[in-house]
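A short write-up of the structure that comes next.
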Ligand code: NDP
């Protein structure tokens, strides 16, 4: 097999995206009732560039009183927003989508600075998809009766929405767009480490003329999220984050009338059959686990390769890993950017250590990484089995656990042997195998001969400990409606 050896034969000149056009304030306040207002806590926390350890801006910490103000403003706004002609609601959402597109470059650079993801990904995936979600749900706003024939769809009220740090603007779009298209109003909390693009979105929302109070964006840590969950005037909780916090939320709202959707963690199985197009499958493995540094709930973090092709797949994968460029997220050559936070890097390193202690054989590609910032080279483990910790638990980093299989029934059993049920991938040239696996794998999404493909028209969500409820498509509307 010929080696790629790209690192040895090529040296890419840096192609760093400029930050000159970025408008960032020193301090960001809360966005409540259409205005940026100071928090009652008077506290701010730093948001840090994970590639340089530099402070980018200060973010306000919302307390109980702030959440109460935000929920009150959403509740008042609900009275008129829910009665506004649906066509008018759609126009506002369409305008927000256009404004995101107009400022796409600024958003992409800020997303990469604040979260560490490669600019190629924030530019080509996160920001366009976020705009697409607003476009898609703008279209549905005045067609809800067609979406659900013979039913009278009504909005739920005030939605409390809590999102994680891995796709900050995209997650905000997933939450806000369907909620307001259906006539609800929202209080959204971004993750502590990546609040900036949600706050920039607040600027767009203000400029768009969206009626005050329809969207409120409050920043802070887990306590702020808990205040939203526990507020008595919240009608619906939409949460994306870890399974542990999802369980806490479910406990807090049990016995209340609050509706909920929980999008939680995952441990996706990526399955390569011997009849697959091997080179494409290897690209698919790379995309499944190393996209966004592996900070992806549906990452293909468990690889299952049919025994007859295991050696060639692993050899080609190692070869491809050695060509991945780890480094400055703002450089357009970069494949793998910075790990989102020191805490997350410590978690990933803890799992790498456990993997070795439990007898896994580690392979990491060589890469020179800066002393500043948080980095993890692409990593794979061989000689692991179903009971290994790194096979069972979500790592949320660029770490792949590889196992082999002989028969289709064996791989289905192995793939389903996990507490999670969010995603899976299948690589084969046989349609019949694809149909069998899509029916028998316990996963909300199964990709065939591709991986990590997202589209606003397609529902996304999990089974088992990966949560319940769907986002995207018609299913995503349902989560924000009640029917008469
Ligand atoms: P967390 O669950 O820790 O945090 C998610 C959000 O909840 C953050 O905004 C966080 O605030 C907030 N939060 C933390 N504690 C509480 C609480 N007690 N009550 C209410 N809100 C709280 O997850 P991470 O941010 O670490 O994200 C990683 C996890 O998210 C992974 O497990 C991943 O699989 C999952 N995820 C799932 C997705 C899906 O669609 N299924 C998509 C993306 C991620 P703060 O950040 O400030 O602590």
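Rule-based calculations on the coordinates, nothing more; no lab input. Model, not experiment: these values are computed from the prediction. Quick reminder, even Gly has a Cβ in these numbers, built from the backbone with ideal geometry, and neighbours come from all protein chains shown.
Checking each residue in region 190-220 for being in contact with a strand residue (DSSP E or B) (Cβ under 8 Å, 6 or more places away or on another chain) and assigned to a helix (DSSP H, G or I) picks out 196, 198, 199, 201, 202, 205, 206.
Being in a helix (DSSP H, G or I), within 13 Å of the ligand (Cβ to nearest atom) and farther than 30 Å from residue 79 by Cβ holds for only one residue in 292, 311, 287, 223, and it is 292.
To keep it simple, each residue is scored yes or no on (1) touching a residue at least 60 places away in the same chain (Cβ under 8 Å); (2) closer than 30 Å to residue 324 by Cβ; (3) in contact with a strand residue (DSSP E or B) (Cβ under 7 Å, 6 or more places away or on another chain).
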site	(1), (2), (3)
21	yes, yes, no
74	yes, no, yes
81	yes, no, yes
102	no, no, no
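Of the residues 257, 247, the single one that is surrounded by fewer than 19 Cβ atoms within 10 Å (Cβ to Cβ) and either within 7 Å of the ligand (Cβ to nearest atom) or over 19 Å from the mean Cα position of the chain (by Cα) (or both) is 257.
Please determine whether any residue of region 134-146 is part of a helix (DSSP H, G or I) and within 18 Å of the chain's Cα centre (by Cα).
Checking region 134-146: at least one residue is part of a helix (DSSP H, G or I) and within 18 Å of the chain's Cα centre (by Cα).
Can you tell me which residues in region 132-168 are under 27 Å from residue 105 (Cβ atoms), out of contact with any strand residue (DSSP E or B) (no Cβ under 6 Å at 6 or more places or on another chain) and buried (at least 24 other Cβ atoms within 10 Å of the Cβ)? Residues satisfying the conditions are 133, 134, 137, 166, 167, 168. Screening residue 319 against (1) without any contact (Cβ under 8 Å) to a residue 24 or more places away in the chain; (2) away from the ligand (no atom under 16 Å from the Cβ); (3) part of a helix (DSSP H, G or I) leaves a single unmet condition, (1). Residue 171 falls short on exactly one of the conditions (1) touching a strand residue (DSSP E or B) at 6+ places or on another chain (Cβ under 9 Å); (2) free of Cβ contacts under 8 Å to residues at least 24 places away in the same chain; (3) under 30 Å from residue 397 (Cα atoms), and that condition is (2).
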